[in-house]
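Colleague: Following this message is one structure expressed as structure tokens.
The values are calculated or read from the model by the stated rules, or taken from the named source; none is laboratory data. What you see is a predicted model; the values in this text were computed from it and never measured. With ideal geometry, Cβ positions are generated from the backbone for all residues, glycine too; neighbour counts draw on all protein chains shown. Keep in mind that these areas ignore ligands, DNA and RNA; they rest on the heavy atoms of the full protein, side chains included. Shrake-Rupley method; radii C 1.70, N 1.55, O 1.52, S 1.80 Å.
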Number of protein chains: 2
Amino acid sequence: MKISPAKTNPSAAPVSRKQRELAQRETLILDAAQNILHQHGYATLTMERVAEAVEYSKGTIYNHFSSKEDLICSLCCRSINNLIEIFTRAVRYEGSSRERFSAIGIGYSLHHQINPMAAQIVQIIKINSVREKISPEKLGEMESLEQRITSIAMSVVQDAIGCGDLPLETRAITDSIVFGCWSMHYGALLLEQSDIPLKSLGFSPAVELLWLNTQKFLDGYNWLPLSSASGHETMFRKLSADLYEDEINTLNNKNKKS
Amino acid sequence: MKISPAKTNPSAAPVSRKQRELAQRETLILDAAQNILHQHGYATLTMERVAEAVEYSKGTIYNHFSSKEDLICSLCCRSINNLIEIFTRAVRYEGSSRERFSAIGIGYSLHHQINPMAAQIVQIIKINSVREKISPEKLGEMESLEQRITSIAMSVVQDAIGCGDLPLETRAITDSIVFGCWSMHYGALLLEQSDIPLKSLGFSPAVELLWLNTQKFLDGYNWLPLSSASGHETMFRKLSADLYEDEINTLNNKNKKS
DNA sequence: GACACTTTATGACGCAGCGTCATATTATGA
DNA sequence: TCATAATATGACGCTGCGTCATAAAGTGTC
């Protein structure tokens, strides 16, 4: 049983009604899966349940996704696409290179606070034995998205080097700065998501620490303008207000409800 | 079916022959599980297979571990215990506070390079739906180990503040430094372990980046003595040679084989 | 060593969830 | 209207977890 190409990124290719219907249903399925994930957790995400939610049979779901892992990978791609939009917004911000880079971090953090399951999914997708079950095409798609999002982050670092905000050392540092921030954010959000009792281990809220640490990290690289303790808060609030009004509202509503 | 307390940490309590035999078998089971994990990956780790490997029946395995997740959690505890030994070694090192703290990072990194599966296990254990299946006692045990290892790292930061190597700011920073390093290391090693093609995304080897970034991070906090590009390498080699000879040999042998 | 009784080991069984495939249903087009 | 192709369905096979009635081994007493 084969089915249309079903591109996540609808290229400019002409699409027939069939293809549109198919793409639509694919979205429907993904929405349903996301819902189940958010409302009842990963353990209850079964293909049967997804099928039931969209009122199609299991077989039909399998026409769209070659395995459960494949479906999850698609959710992951969605998430990265979402992040790409956020990153792009941050990069276009009118501010110093450091502000723009920091804004990326805030966006990343907000995205994961709004979609707590995203972190779990990303985490699950990274487990090798899970990866093995994903179709090569979908893995390729995810990889190319990762490529795109990485290059967005790297471009800001390049800008900073270009305009002298970052002292140019002999060694290439673009990758190390991006990797440092990525790993720090990734690690911090995973640690927060998992129900490790950080608080009882003596830690302040992860999101706060993450912001502070990112600034210290950039200070370590002498990324101008250097931060000051008082400047931190101001900058954080400014960037949040200027770039992420919607996200912050969403987050507040979410917290209110629970 | 109940069975003896089976403490992982053999407290000074008098142990009967029975209890000793039981503890021994528990070790046997854990060894077998670890083996399967290392040789054939997570996907093939089934309770049946473990039972077969130790030549006991499945039921007997379940006398020791209430679920598969419980068993994995025990492996995780082992891993943390291993890390505690490494951290302790680092803390006792005769050197500056910064060297000792950095040494912790190196040890953490080495441990995960030697036991690639450790990262995967830790990752798996952090997924909520997995956690739910672990007995509260074992989770408590793990938590207390996490408590211990955290406090070891924190103690070095405290020392540094005490002796003036770290400028004392108004805000408590002990937790933020430890959390920053933890998240950076955790994130970096997870990213490396997962088969994300970091190289093709334009990144240098994760372990190198991790070391550089850790130093930049500590520089950002003004942890004396500040690092210099040339000093990095020297310090790294010195610490590795002085503290982790065994680990490095193990690692080299491992790489030679493959 | 025989017996009663307790403790421990066993693997067949029930169950859940993934993925398949023969069959049923619907769409297309001549 | 009918033939043929495309798609949907859900019963089925399979794997792996965890249970529990039963078997086996151990322990203590005479």
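Colleague: Could you go through the stretch A:147-158 in sequence order and give the Karplus-derived ³J(HN,Hα) for each residue, using 6.51 cos²θ - 1.76 cosθ + 1.60 with θ = phi - 60°, rounded to whole Hz, and x for Gly and Pro?
Modeller: Per residue, the Karplus-derived 3J(HN,Hα) values read 4, 4, 5, 5, 5, 4, 4, 5, 4, 5, 4, 4 Hz.
Colleague: Something else about it: From other protein chains only, count the Cβ atoms within 10 Å of every residue's Cβ in A:218-224, then give the mean.
Modeller: Values: counts 3, 6, 14, 6, 3, 1, 0.
For peptide A:218-224, the averaged partner shielding equals 5.
Colleague: Which value, in debye to the nearest 20, gives the size of the charge dipole of the protein assembly as shown about its Cα centre, when Lys and Arg are +1 and Asp and Glu are -1 at the Cβ?
Modeller: Dipole of the protein assembly as shown, to the nearest 20 debye: 1040 debye.
Colleague: Here's something else I'd like to know. Inside 10 Å of the C-beta atoms of B:122-133, what's the mean count of C-beta atoms belonging to other chains? Write out the running numbers ahead of the final one.
Modeller: Numbers: counts 2, 6, 5, 2, 9, 10, 9, 7, 3, 3, 3, 1.
So the per-residue partner count for this stretch is 5.
Colleague: To continue, here is another question. Need one number for the protein assembly as shown: average projected area of the convex hull over its C-alpha atoms, nm².
Modeller: Mean shadow area of the hull around the Cα atoms is 27.7 nm².
Colleague: With only alpha-carbon atoms in the gyration tensor, what are the semi-axes of the equivalent ellipsoid for the stretch A:188-258, in Å, largest first?
Modeller: In descending order, the three semi-axes are 24, 20, 9 Å.
Colleague: What is the diffusion coefficient of the stretch A:68-244 in µm²/s, taking the Kirkwood radius over Cα pairs and the Stokes-Einstein relation at 20 °C with a viscosity of 1.002 mPa s?
Modeller: After rounding, the answer is 125 µm²/s.
Colleague: Next question, about the same structure. Using θ = phi - 60° and the Karplus relation 6.51 cos²θ - 1.76 cosθ + 1.60, list the HN-Hα couplings for the stretch A:89-99 in order, rounded to whole Hz, with x at every Gly or Pro.
Modeller: So the Karplus estimates, Gly and Pro as x, are 4, 4, 5, 7, 4, 8, x, 5, 4, 5, 5 Hz.
Colleague: Sticking with this structure for a sec: Which ³J(HN,Hα) values in Hz, rounded to whole numbers, follow from the phi angles of the stretch A:101-109 under the Karplus curve 6.51 cos²θ - 1.76 cosθ + 1.60, where θ = phi - 60° and Gly and Pro get x?
Modeller: Each residue's phi maps through the Karplus curve to give 5, 4, 4, 4, x, 4, x, 4, 5 Hz.
Colleague: List the accessible area buried at the contact between A and B, summed over both sides and calculated with a 1.4 Å probe, in Å² to the nearest 100.
Modeller: Adding both sides of the contact gives about 4800 Å².
Colleague: Using a 10 angstrom cutoff on alpha carbons, build the Gaussian network for chain A and name the most mobile of A:L83, A:L168, A:L71.
Modeller: Of the options given, A:L168 has the highest mean-square fluctuation.
Colleague: Can you list the copy-to-copy distances for A:G231, using a point 7 angstrom from Cα toward Cβ, in nanometres, shortest first?
Modeller: Spacings between copies for this position, smallest first, are 2.3 nm.
Colleague: Suppose R0 equals 56 Å. What FRET efficiency, 1/(1 + (r/R0)^6) with r the Cβ-Cβ distance, do B:T46 and A:S155 give to the nearest 0.05?
Modeller: On the way: r = 46 Å, r/R0 = 0.82.
Given R0 = 56 Å and the Cβ-Cβ separation, E is 0.75.
Colleague: Suppose R0 equals 41 Å; then what is the FRET efficiency for B:S228 and A:E233 from their Cβ-Cβ distance, rounded to the nearest 0.05?
Modeller: Numbers: r = 32 Å, r/R0 = 0.77.
For B:S228 and A:E233, the calculated efficiency is 0.80.
Colleague: Could you tell me what percent of the accessible area of the stretch A:72-194 is made up of carbon and sulfur, with a 1.4 Å probe and every protein chain present?
Modeller: So the carbon and sulfur contribution to the accessible surface is 54 percent.
Colleague: Further question: At 1.4 Å probe radius, can you tell me the per residue accessible area of the protein assembly as shown in Å²?
Modeller: For the protein assembly as shown, the solvent-accessible area averages 47 Å² per residue.
Colleague: Put the label 7 Å from Cα along Cα→Cβ for A:S258; what are its distances to the other copies, in nanometres, shortest first?
Modeller: List, nearest first: 3.7 nm.
Colleague: Still on this structure, please answer the following. Take peptide B:190-202, look around each residue's Cβ out to 10 angstrom, count Cβ atoms belonging to other protein chains, and average those counts.
Modeller: Partner Cβ neighbours, averaged per residue: 5.
Colleague: May I ask you to order A:148-155, B:235-242, A:231-238 by the average number of other C-beta atoms within 10 Å around their residues, highest value first?
Modeller: A:148-155, B:235-242, A:231-238
Colleague: Run through the other copies and list how far each one's label point is from that of A:R17, in nm with one decimal, shortest first; the point sits 7 Å from Cα along Cα-Cβ.
Modeller: The answer, with the shortest distance listed first, is 8.3 nm.
Colleague: Let me ask something else about it. Before rounding to the nearest 500, sum -39500 (n - 2.57) across all DSSP H runs of length at least 4 in chain A and divide by the residue total; then give [θ] at 222 nm in deg cm²/dmol.
Modeller: Helix-only estimate at 222 nm: -24000 deg cm²/dmol.
Colleague: Taking the alpha-carbon distance from B:K68 and a cut-off under 26 Å, which lysines remain once sequence neighbours fewer than 8 residues away in the same chain are dropped?
Modeller: Partners within reach: A:K68, A:K126, A:K133, B:K2, B:K7, B:K18, B:K58, B:K126, B:K133, B:K138.
Colleague: Please state the charge dipole magnitude for chain B, taken about the Cα centre, from unit charges on C-beta atoms (+1 on K and R, -1 on D and E), reported in debye and rounded to the nearest 20.
Modeller: With Lys and Arg at +1 and Asp and Glu at -1, about 560 debye.
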